[in-house]
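Participant: Okay, handing you the structure first.
The values are calculated or read from the model by the stated rules, or taken from the named source; none is laboratory data. Computed from a prediction, not measured in an experiment: that's the story for all the values here. Cβ atoms come from the backbone with ideal geometry, glycine included; neighbour counts cover every protein chain shown. When the accessible area is computed, the model is the full protein with side chains, heavy atoms only, and any ligands, DNA or RNA have been set aside. Shrake-Rupley method; radii C 1.70, N 1.55, O 1.52, S 1.80 Å.
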Amino acid sequence: MDQPLSRRRMVATLGVTTALAGCLDPRSTGRANESGPGVDSTDGEAVETGERSSDPVSDDSWPAIEAGEVVSDFESANEWQAVVGDIETVTDEVPTGTQAIAVDGDEDRAAMRIDFPRGLDLEGWDVSMAIEAKSVDRIHLEFMAPERGDHLTSIRDVPDEYEGWLRLDFGYIQKHGDPDLTDVRRLNVVAVGPENGPTRFAADDLRRTEAADNGKAILALYGGFRSHYDLAADRLEERGWAATAAVDPDRIGGSGRMNADELRRLRDRGWDVCSYPTGDQPLTQMPDDRRRQILERKRDDLAELGFDAGSRHCFVPDDRMDQATQTVVRDLYESAFLFGASPTGVPPTGIHLSPLIWGPDLHGGVRRAINLCDQYDQLVALRIPKVVADDADGDANSMSLSDFEHLLDHLEHRGLDVVTPSDVIDGTMGGDGTTGEPTQQLQGTILDGGRHHTIDGRGSAESSTFDLLEGIATFEVAGDGDPVLGVELVAVDDSDRRMLPAAGSDTGSSESIVPVVGGTYRLVVEADGEWTVVVDQPAVHADDLATLPVDASGSGSSFVGPFLTEGDVTLEATHDGEGQFVVDGIGADGHREQLINQSGPFDSNRSYSAGGAAWITVHADGNWTVEITG
C-alpha cells in the first residue's frame, strides 16, 4: 500500500537554509585543470579549456561523469575552505582523480566553500556533484550571486540508509533577492546530519552541464488508481499532456485500480507506465538475490503487458535506497525516482536518484518549485497520489480534484513542458526556449465596463442572484460596526465557489478583485451584524495602467493595480500579522496565479509570470507592503 510521507520528507521540501556563521572574505583560488575539457579557474575566473563533453555516464567512472565542464576537480585542497567542521583530503576509492575533499562536523552541520572572486558564469547551466554520504541527511548547495542577499539554494535529501558515493543534481528550491547567475562569487556546500552529530561528507567532480531550453515537469501518478483514469487523464488530454503512471504490475486490475486495457489506452496517449516495485518488505532489507529478482520481474512483467518504454523507469517504494539497491537499479533500469526535495537539471546527471516533490503541497513549495523551473529552465518531478473528487473523501495520501486542477493551471500558466521519463531519457522533451509572444503595446480599451450591484444584508445569509459579464469584478465589503467574517462568490450555473477576502482591517472593510466568466452569481456571507457588498466591473483603459516599479502598502485585504507588465516580474512583500497572508496575481486575460500563501510574518520575494495588464490581490490580517519590479 502507499505509505504517507514521513515528517522528515515533508519538512525537507520546505527546508530553510541555515545561514553559515560569519561572512568570510573572498580569496584568490588558482587551479590547473589537468583532467581534460572543462573550466579552469584562474583567480576565480571561469575559463573554457576545451570542448564540452556530452558522453554518457559510464559504470567505470560513476558517480563522476564526463558530460559538461569541470568547475572543481578537488585536486587542490587550497580551493576549498572549511566553514563548519574540519576539512581534509581523502584518497581511498575516490570517483575521479587522486583525491576528494571531506569535512567533519561534531554536531549536525558540516560545510565548506569555494570562492570565485572574478565570478563564475552559471547562467544557462545546471550544477551537479559527486557526494559521499558518511553521516548526512541532506545536502544544501548555496549559490551566492554575487552575495548572500542575492542567492539561490538547492536542497537534496540523502536516503536514510545510504552510505557511500552518489551523484546529486542541484536544482533551485529557494530564491533570495535578485540573483545574477552570470556572477556567482561563492558556492557553499552544507551537509545537515543527525540531530546530535557527528556529520561527515566528502565531495568530488563538481560540474556544470548545459541547461534545457525550457522548464520541464513530470507528473508521476502513483498507484495506478482508477481516479487517475476517471478524473485526471481527460484533464491532461485537454492540454495535450502525457503523464506517468507508477504501478506495481501485481496490482493492476485490483480494487480501485486501473486494469491493463485502461493503462494501454493511457500508453497510447503518450503516457509512460513505469515500475513501482512494492513488496512485503523494503528493497533495502531483502537479500541480494531476491531484491534483484523482484526488480527484474516487475520490469519484465510491465514489458510483457505492452509497456516497454515505461518499464525502463523505476519509482522506488517508500523512497528507501542504499548502495546495494542502487547498484541493482542502475543495472536494470534507465532511470529511478525517489523523494529529493528540489528540482533538478535537465536531464539529471544522477538519473537513478532523480528527485520527486510531493505534488499536493501546493502551499508549501510546489508552486515555488514550478516558478523557479520556469525561470531557470529546470525539471520538477511531482508525485501525485490518488485524486478525489470531493475534498471530504480525501486524506493525507490523496489530492483533491480542485488542487489537481490548480496544479495543472499553474503549470500551464508558467509554460512548462510536461514530459515523461522516457522523454527525458530519449531526448524528446520538446520546448523551444521561448516564453511566448512579446507583449504587445496596449492601447485603447482593455476591458469594457460591466455590471454594478450594491447588495445589503444582516447576519449570515445568501444574497439574491446577480449577473456579471466576463472580465474582472471588484468587491468592496463593509460591516456596520461588526466585521464581516467571510464572503463567498458562488456561480449559480456550476456551483464554482470562490472565497473573497473579507476581514482583517481595523475598519472592518476590505477590497478584492477576481477574474470572472459571464453568468449568474450569488454571495454567501458569514457575519454577525449588518453588511454591504459593492460589486463593480470597471472599464480598464491603457491610460489607466501604472508602469513599473509599483509600491503599495496597507492593512487588511485589498488589491494593487492595474499595472503594465511585459513578462516575468518580481514581487517583494512583507507582512507583520499572525494570520494567513495570501497574495495572488491576476491578469486582464483571466489568468490567476497564487504567489504567496503563508501564515504569520513574511518578508521575501516571489516571481510572477504576468504579461499585459495585471493586478495583485492581498489577503492579510496585519500591515503589508508590496514592491513590484520588472
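Participant: Taking the 0 to 90 degree range and rounding to the nearest ten, how far is the long axis of helix 401-414 tilted relative to the main principal axis of the chain, both from C-alpha atoms?
Facilitator: 80 degrees
Participant: Based on DSSP H runs of at least 4 residues, each adding -39500 (n - 2.57), what is the mean residue ellipticity at 222 nm of the chain after dividing by all its residues, to the nearest 500 deg cm²/dmol? Write down the numbers at each step before the final one.
Facilitator: Details: 8 runs with 79 residues, N = 630.
Helix contribution divided over all residues of the chain: -3500 deg cm²/dmol.
Participant: Also, quick follow-up: Nearest 10 degrees, 0 to 90: what angle lies between the long axis of helix 288-304 and the longest principal axis of the chain (Cα atoms)?
Facilitator: 50 degrees
Participant: Note the full-extension length gain between GLU412 and ASN259 as 0.36 nm times their separation in residues minus their Cα-Cα distance, in nm to one decimal.
Facilitator: On the way: separation 153, 0.36 × 153 = 55.08 nm, distance 2.93 nm.
Using 0.36 nm per residue and subtracting the Cα-Cα distance, I get 52.2 nm.
Participant: Next question. Give me the extension gain from ARG522 to THR445: residue separation times 0.36 nm, minus the current Cα-Cα distance, reported in nm with one decimal. Before the final figure, lay out each step's value.
Facilitator: Values: separation 77, 0.36 × 77 = 27.72 nm, distance 2.81 nm.
So the chain would gain 24.9 nm between ARG522 and THR445.
Participant: Over the chain, give the accessible area per residue in Å² for a 1.4 Å probe, as an integer.
Facilitator: Numbers: 25380 Å² over 630 residues.
Accessible surface, normalised per residue, equals 40 Å².
Participant: Average projected area of the Cα convex hull of the stretch 60-191, in nm²?
Facilitator: Numbers: hull surface 32.6 nm².
Spelled out: convex hull of the Cα atoms, projected over all directions, averaged, 8.1 nm².
Participant: Could I ask something else about it? Accessible area of the chain with a 1.4 Å probe: how many percent of it is carbon plus sulfur? Mind showing how you got there, number by number?
Facilitator: Values: 10810 of 25380 Å².
Whole-percent figure for carbon plus sulfur exposure: 43.
Participant: Calculate the radius of gyration of the Cα atoms of the stretch 202-257 to one decimal place, then report Dmax, the largest Cα-Cα distance, as a whole number, both in Å.
Facilitator: 17.2, 48
Participant: With N residues in the stretch 239-278, what two-decimal value do you get for its Cα radius of gyration over 2.2 N^0.38 Å? Mind dumping the intermediate values first?
Facilitator: Working: Rg = 10.2 Å, N = 40, 2.2 N^0.38 = 8.9 Å.
Here the Cα radius of gyration is 1.15 times the empirical estimate.
Participant: Now for a different question. Could you work out the relative contact order of the chain? I mean the mean sequence separation of Cα pairs under 8 Å and 6+ apart, divided by the number of residues, in percent. Don't jump to the answer; show the numbers that get you there.
Facilitator: Values: 1688 pairs, mean separation 65.6, N = 630.
In percent, rounded to a whole number, it is 10.
Participant: Here is a follow-up. Kirkwood Rh, Cα Rg: Rg to Rh for the stretch 244-381? Let's see the in-between values first.
Facilitator: Numbers: Rg = 15.5 Å, Rh = 15.8 Å.
Rg/Rh: 0.98.
Participant: Something else now. Relative to the longest principal axis of the chain, what angle (0 to 90°, nearest 10) does the C-alpha long axis of helix 367-376 take?
Facilitator: 60 degrees
Participant: Largest first, please: the extent of the C-alpha atoms of the chain along each principal axis, to the nearest Å.
Facilitator: That works out to 78, 60, 48 Å along the principal axes.
Participant: Kindly rank 460-471, 571-582, 182-193 from highest to lowest mean number of other beta carbons found within 10 Å of each residue.
Facilitator: 182-193, 571-582, 460-471
Participant: Using the basic label-point model (7 angstrom from Cα toward the beta carbon), what is the GLU238 to ASP178 distance in nanometres?
Facilitator: If labels sit at GLU238 and ASP178, their model points lie 3.8 nm apart.
Participant: Semi-axes of the equivalent ellipsoid for the stretch 540-629, please: Cα gyration tensor eigenvalues, times 5, square-rooted, ordered largest first, whole Å. Intermediate results must be reported in sequence, preceding the final value.
Facilitator: Values: eigenvalues 96, 29, 26 Å².
Here the semi-axes work out to 22, 12, 11 Å.
Participant: Any idea what the dipole of the chain comes to, in debye rounded to 20, about its Cα centre with Lys/Arg Cβ at +1 and Asp/Glu Cβ at -1?
Facilitator: Working: 51 positive and 117 negative charges, 211 e Å.
For this selection, approximately 1020 debye.
Participant: Still on this structure, I have one more. Can you work out the FRET efficiency for the pair ASP280 and GLU88, with r the C-beta to C-beta distance and R0 = 56 Å, to the nearest 0.05?
Facilitator: The formula returns an efficiency of 0.85 here.
Participant: Taking LYS298 as the anchor, which lysines have their alpha carbon closer than 25 Å to its alpha carbon, excluding any fewer than eight residues away along the same chain?
Facilitator: LYS386
Participant: Related question: Go through the stretch 106-201 and name the GluC sites (Glu not before Pro) that are in a DSSP coil and have 12 or fewer other Cβ atoms within 10 Å of their Cβ. Please list the in-between numbers first.
Facilitator: Details: sites: GLU107, GLU123, GLU132, GLU142, GLU147, GLU161, GLU163, GLU195; in loops: GLU107, GLU123, GLU147, GLU161, GLU163, GLU195.
When the GluC sites (Glu not before Pro) of the stretch 106-201 are filtered for loop state and at most 12 Cβ neighbours within 10 Å, GLU195 remain.
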